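S.K.: What follows is a structure written as structure tokens; I'll ask about it next.
No lab work stands behind these numbers, since they all come straight from the coordinates. Since the model is a prediction, treat every value here as computed from it, not as a measurement. Cβ: placed from backbone, ideal geometry, glycine included. Neighbour counts: every protein chain shown.
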Amino acid sequence: MAGSKSIDRLRRLELLAARLKQDEFCTVKGLASEMGVSERTITRDLFLMREQGLPIDADRGRGGGVRLDRNWGVGRLNLAYPEAVDLLISIEVAQKMDSPLFLANLASVRRQLVASFSPEKRNRVNRLKSRILIGATASTYVQAGVASPPRRLVQTLHQAFIDQEVLSIHYQREDGATSERQIEPHYFLLKYPVWYIIAMDRLRDGPRTFRCDRISRAALTGASFSLLPKEAFAQSLEGDDLLL
């Protein structure tokens, strides 16, 4: 337990340093709310950061706050594993989308990011990449009805996908009919800008495709599943020229 708390605090200090590097002053109360801890904890963190030599400016006047000296660099970027996975996969997706603007250095960024992983993590990331597929751009009709899923729901889908955990979802079909499902999220499919889950539906004992923005609720069940090859979902993927 003590080790876990130490890791949490180290991570919080990294996030705190990055937050204070931004131009505007931050209040202790605001930082405590962002980090999900007490103001007393943030005050102790700021004291420790000063003890470590970080030049934290303070303005105690009306509307003031704290921040790192703007001429000070936070240092080496240190991403948590899920953050690094998200960034690497986003780079891969952006490259496959073949946009000509602002992508000239993505290959270099990807190499540096991959090089920072241990061999075991590199293998895990490669396995995850193989489960993210890109198909044809969605039709204008489909795009017109796209909505952004809530952040908490996206986080649940993300965790279930990475951990290969069965999801319990509430799903609404195009005709408005709703149902409760238990699904295994084997693959994600992007038909820009729409994301789909290619899954095994446990209640219907077969492969199904679910549009992420039509999932209104999702909960982790704690049950795991074994990954099936793409061939098991051939009917769901038929007609897509998959790139990733």
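S.K.: Any idea what the relative contact order of the range 140-237 is, in percent, if you count C-alpha pairs under 8 Å spaced at least 6 apart?
M.R.: Value for the range 140-237: 30 percent.
S.K.: While we're looking at this one, here's another question. Through the Karplus equation 6.51 cos²θ - 1.76 cosθ + 1.60, θ set to phi - 60°, convert the phi angles of the range 114-121 into ³J(HN,Hα) values in whole Hz; use x for Gly and Pro.
M.R.: 4, 5, 7, 7, 6, x, 5, 5
S.K.: Here's something else I'd like to know. Under the Karplus relation 6.51 cos²θ - 1.76 cosθ + 1.60, θ = phi - 60°, what is the ordered set of whole-Hz ³J(HN,Hα) values for the range 217-231, x standing for Gly and Pro?
M.R.: 9, 8, 9, 6, 9, x, 8, 9, 9, 8, 5, 9, x, 4, 4
S.K.: Something else about it: Taking amide H positions as placed 1.01 Å from N in the peptide plane, with prolines and chain starts having none, which residues 5 or more places from T221, or on another chain, fall under 5 Å of its amide H?
M.R.: Residues meeting the criterion, in which the H sits 1.01 Å from N, are V166, S168.
S.K.: Net charge near V85, counting Lys/Arg +1 and Asp/Glu -1 over other residues with Cβ under 15 Å of its Cβ?
M.R.: With Lys, Arg at +1 and Asp, Glu at -1, the net is +2.
S.K.: Tell me which lysines have Cα within less than 24 Å of K129's Cα, excluding those fewer than 8 residues away on the same chain?
M.R.: Cross-link targets: K96, K121, K191, K230.
S.K.: Let me ask something else. K21: which lysines have alpha carbons under 29 Å from its alpha carbon, excluding same-chain residues fewer than 8 sequence positions away?
M.R.: Straight-line reach from K21, under 29 Å: K5, K29.
S.K.: If you take every residue apart from R181 with its C-beta less than 13 Å away from the C-beta of R181, what net charge results, scoring Lys and Arg +1 and Asp and Glu -1?
M.R.: Here the charged neighbours net out to +3.
S.K.: Grab the other residues whose beta carbon is less than 15 angstrom from that of R122, score K and R as +1, D and E as -1, and report the net.
M.R.: Local charge sum for R122: +4.
S.K.: At 7 Å along the Cα-to-beta-carbon direction for both D175 and A80, put a label point, then send me their distance in nm to one decimal.
M.R.: 4.2
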